[in-house]
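The structure appears below as C-alpha cells.
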Amino acid sequence: QVQLVESGGGLVQAGGSLRLSCAASGRTFSGYTVGWFRQGPGKEREFVAAIRGSVGSTFYADSVTGRFTISRDNAKNTVYLQMNSLKPEDTAVYYCAAARVVSTLWTGGEYDYWGQGTQVTVSS
C-alpha cells in the first residue's frame, strides 16, 4: 500500500506561483509513475502532468506546458509540481496519483493510489 498526501495549495493572484508536493509513505516510491490531475468547479477531472518512475521522463497537458514542471526527490519520497504564471482557469483541486505501471498516463484509470487533493485558487 502507498499513501499519498498533497500539500502546497492555496490562494494566489494570477501570474503567481505555487509548488505542490505529493508525499508518499508505506513503500519506496522511486519506481512508481506519478501523475497530477485536477478537477475544477463543474468540470471533469483532467490530466496535468506525469513523471515516470523508471527513467524520470515527464509529460504535460498542453494547457500547462511551459508553465508547470513536475519533478521528484526519491530520497524524500516526494513528487513536486511547480506551477508558474498561474491563470484563473488553473483553479481546481489538484490530486496526485501513483502506480507501478501506467501505459496511458492521462486517463487516470490505471493509477492505483490517490491522494485527498489540495485546493488551488487563482484570483484574477
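The values are calculated or read from the model by the stated rules, or taken from the named source; none is laboratory data. Everything quoted here is computed from the prediction, not taken from an experiment. Positions of Cβ are backbone-derived with ideal geometry, glycine not excepted, and every protein chain shown enters the neighbour counts. Calculation scope for accessible area: heavy atoms of the full protein, side chains included, ligands and nucleic acids excluded. Shrake-Rupley method; radii C 1.70, N 1.55, O 1.52, S 1.80 Å.
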| segment 1-42 - convex hull of the alpha-carbon atoms, volume per residue in Å³ | 109
| task | Using θ = phi - 60° and the Karplus relation 6.51 cos²θ - 1.76 cosθ + 1.60, list the HN-Hα couplings for segment 2-14 in order, rounded to whole Hz, with x at every Gly or Pro. | result | 10, 10, 10, 10, 8, 7, x, x, x, 9, 9, 7, 4
| Can you give the charge dipole size of the chain about its Cα centre, rounded to the nearest 20 debye, using +1 on the beta carbon of Lys and Arg and -1 on the beta carbon of Asp and Glu? | 240
| task | Based on alpha-carbon positions alone, could you give the equivalent ellipsoid semi-axes of segment 1-101 from the gyration tensor, as √(5λ), descending, whole Å? | result | 23, 13, 13
| said: Could you work out the relative contact order of the chain? I mean the mean sequence separation of Cα pairs under 8 Å and 6+ apart, divided by the number of residues, in percent. | reply: 35
| message | What is the percent carbon and sulfur in the accessible area of the chain, measuring with a 1.4 Å probe over the protein chains and ignoring ligands? | response | 48
| message | Leaving out ligands and nucleic acids, and using a 1.4 Å probe, what accessible area per residue does segment 9-124 come to in Å²? | response | 48
| said: Tell me the accessible surface of SER85 in square angstrom (1.4 angstrom probe, heavy atoms of protein chains only), to the nearest ten. | reply: 60
| Residue separation times 0.36 nm, minus the C-alpha to C-alpha distance between GLN3 and LYS76: what's the value? | 24.9 nm
| message | Report the gain in length on full extension from ARG45 to ARG19: 0.36 nm times residue separation, minus Cα-Cα distance, nm rounded to one decimal. | response | 7.4 nm
| message | Keeping all protein chains in the complex and leaving out DNA, RNA and ligands, what accessible area do you get for GLU89 with a 1.4 Å probe, in Å² to the nearest 10? | response | 110
| task | May I ask you to rank LEU105, LEU11 by accessible area, largest first, using a 1.4 Å probe over the protein chains only? | result | LEU11, LEU105
| message | When a/c reaches 1.5 or more, the comparison of a/b and b/c decides; with that in mind, is segment 58-111 rounded, prolate or oblate per its Cα gyration tensor? | response | oblate
